[in-house]
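Got a structure for you, written out below as structure tokens; questions coming shortly.
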Amino acid sequence: MRSFFTYLIAFLGFFLSFSCGEDRTYEYEEKTRHNHWMQEVVLDKYLWADTLANFEPAWKNYFETPSQFLSTLVKKSGQKDAWSYVEMDTLNEDSHERGNFNHIDSYGFDFLMMTDPTGHTTKQVLRVLTVYPNSPAERAGLKRNDYICSYDSYKITKKNMTKLQKGEGRLLEVCHLAENESDATLYWDDTLMVSLGASGYVEDVAFPVVRVLEAGGMKIGYLMCTRLLEYPVEKGLVGSGVYRDMLDAAMNQLKLAGVEEVVLDLRLCNDGTIEMAQRLASYVVDPQKYSAKFAKTFWNHSNRSNNMEYPYDQSVENLGLHRVHILTSAYTQGAAEWLIHALQHTMGTDNVVLIGKATAGQNVMTMQVAHEYHIRLFPAVAYVADGGGNYDYGSLMPTVEIDEFSFVNLGEYGSMDEILLFTAVDYILNNGQNDGLWE
């Protein structure tokens, strides 16, 4: 590859000096050096680097944007790699945004665009799905299952809905849906005008909800996890362990309460590390399986010395469970999937009950392996396998499939009014017998 680069520069130097009387190869070198550097990193660290060993991009490929150039390399590897990515120092990018929410600059809520659910008009509205703590949306009083019917007197359209992702302050027309008991028809119950402040950084707290529920004479623990990280990476608090401490405190709360079953809510968890997945799994794994391996990683041939085995962490206060119920969605990705797949291998799929929708299907680890030319490169570097070494898995399918958005009401997370948690508790109390509540 280096020899090709040398010959190419020499050829361009000769051509330009002959045709223009001036050697301008330095301009080519200056404009493409970042992509040549990226290629060197990928050929070393990329999980499928071996398939790229003899591939040399065309000279014009080196003039692509960093994201385009990485895409060129990924495509040539022949892998369906949807996980590798590039971040630029000069841009406010969030590679782990969820729908219409991002951590860097946001109003702090996610929403779904839909046609008027009452059926009386064809106008578009936005259904509020999640409101994040300490965000402009929460301060404005927005709630899950609110409907935004207009903003600043503008109707909602596909073209302008992005105006409610981030920007200046807005005046929202917020409506609430109600259902006629007699015939189950829907109607708008009331309308409020709500002032939404300007967007900004929103910390996505890793463990925002922990509850102890009592149902059917049982104590059931509920823990929501939105990211399996040790600290908020956007703040750069390296080594702080603030989220790890939150996890430990939450699990200690559940243990002291004497919970007999646990529901893990991973439907919003799309980011994390294998170490935090290992820690959470160690709390809920069947204690009789404690000596088993949690997971294994498999790097490329050149980096096989990085291959690791991760045991369950016996230093944590295990909850003494024999099964676990996990809420999932299409957002459930990466570390959350590694955790689920590992528990299924260790405890058996019958004892790891998934409720919700199929997960994203990320069986590989990405990591920042380099930072040069204002570019942060995050290639896939390793397969993440279960304790038995199986990494050949994709989307994890639910035991009980439910589309929560097909229901009229979206209860608050951690509430028995929320359909996925309600279904999990019903599954627990009825030992998995389908009594029709989720049909």
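Give the number of residues within region 182-201 that are in contact with a helix residue (DSSP H, G or I) (Cβ under 8 Å, 6 or more places away or on another chain) and either at pLDDT below 95 or not in a loop (DSSP other than H, G, I, E, B) (or both).
Residues meeting the conditions: 5.
When L410 is evaluated against the numbered criteria (1) at pLDDT below 95; (2) under 30 Å from S302 (Cβ atoms), which criterion, by number, is the only one it fails?
All conditions are met except number (2).
Return the only residue of E181, E173 being charged (D, E, K, R), under 30 Å from D116 (Cβ atoms) and in contact with a Cys (Cβ under 6 Å, 6 or more places away or on another chain).
Being charged (D, E, K, R), under 30 Å from D116 (Cβ atoms) and in contact with a Cys (Cβ under 6 Å, 6 or more places away or on another chain) holds for just one of E181, E173, which is E173.
Sticking with this structure for a sec: Please enumerate the residues belonging to region 391-411 that are over 22 Å from M113 (Cβ atoms) and not aliphatic (A, V, I, L, M).
Those that are over 22 Å from M113 (Cβ atoms) and not aliphatic (A, V, I, L, M): Y391, D392, Y393, G394, S395, P398, T399, E401.
With N363, N307 as the choices, which residue is over 18 Å from the mean Cα position of the chain (by Cα) and modelled with pLDDT of 95 or more?
Unique residue meeting the criteria: N307.
Kindly indicate whether L171 is crowded, with 19+ Cβ neighbours inside 10 Å, of a type outside the set (S, T, Y) and over 30 Å from L247 (Cβ atoms).
Considered against the rule, which asks whether it is crowded, with 19+ Cβ neighbours inside 10 Å, of a type outside the set (S, T, Y) and over 30 Å from L247 (Cβ atoms), L171 comes out as no.
Which members of region 40-90 meet the condition of being of a type in the set (D, E) and more than 11 Å from P379 (Cβ to Cβ)?
E40, D50, E56, E64, E87, D89, listed by residue number.
Can you confirm whether region 328-335 contains a residue that is over 22 Å from L254 (Cα atoms), at pLDDT below 95 and surrounded by fewer than 20 Cβ atoms within 10 Å (Cβ to Cβ)?
Checked region 328-335: no residue is over 22 Å from L254 (Cα atoms), at pLDDT below 95 and surrounded by fewer than 20 Cβ atoms within 10 Å (Cβ to Cβ).
Quick one: in region 265-302, which of the residues that are of a type in the set (S, T, N, Q) and buried (at least 17 other Cβ atoms within 10 Å of the Cβ) is nearest to the chain's Cα centre (by Cα)?
N270
Please list, ordered by residue number, the strands (runs of 3 or more DSSP E) wholly in region 309-375 having 3 or more residues that are touching a strand residue (DSSP E or B) at 6+ places or on another chain (Cβ under 8 Å).
Passing ranges, in order: 309-311, 324-328, 352-356, 364-366.
I need the strands (runs of 3 or more DSSP E) fully contained in region 77-135, keeping only those with at least 1 residues that are in contact with a Ser or Thr (Cβ under 7 Å, 6 or more places away or on another chain), aromatic (F, W, Y) and more than 30 Å from F55 (Cβ to Cβ).
Fully inside region 77-135 and qualifying: 109-115.
Filter region 256-308 for residues that are assigned to a helix (DSSP H, G or I), under 23 Å from D204 (Cα atoms) and basic (K, R) and give the result.
Scanning region 256-308 gives a single hit, R279.
Select from region 136-170 the residues that are more than 23 Å from T118 (Cα to Cα) and in a strand (DSSP E or B) and list them in ascending order.
R170
The values are calculated or read from the model by the stated rules, or taken from the named source; none is laboratory data. Since the structure is predicted, the reported quantities are computational estimates derived from the model, not experimental observations. Cβ: placed from backbone, ideal geometry, glycine included. Neighbour counts: every protein chain shown.
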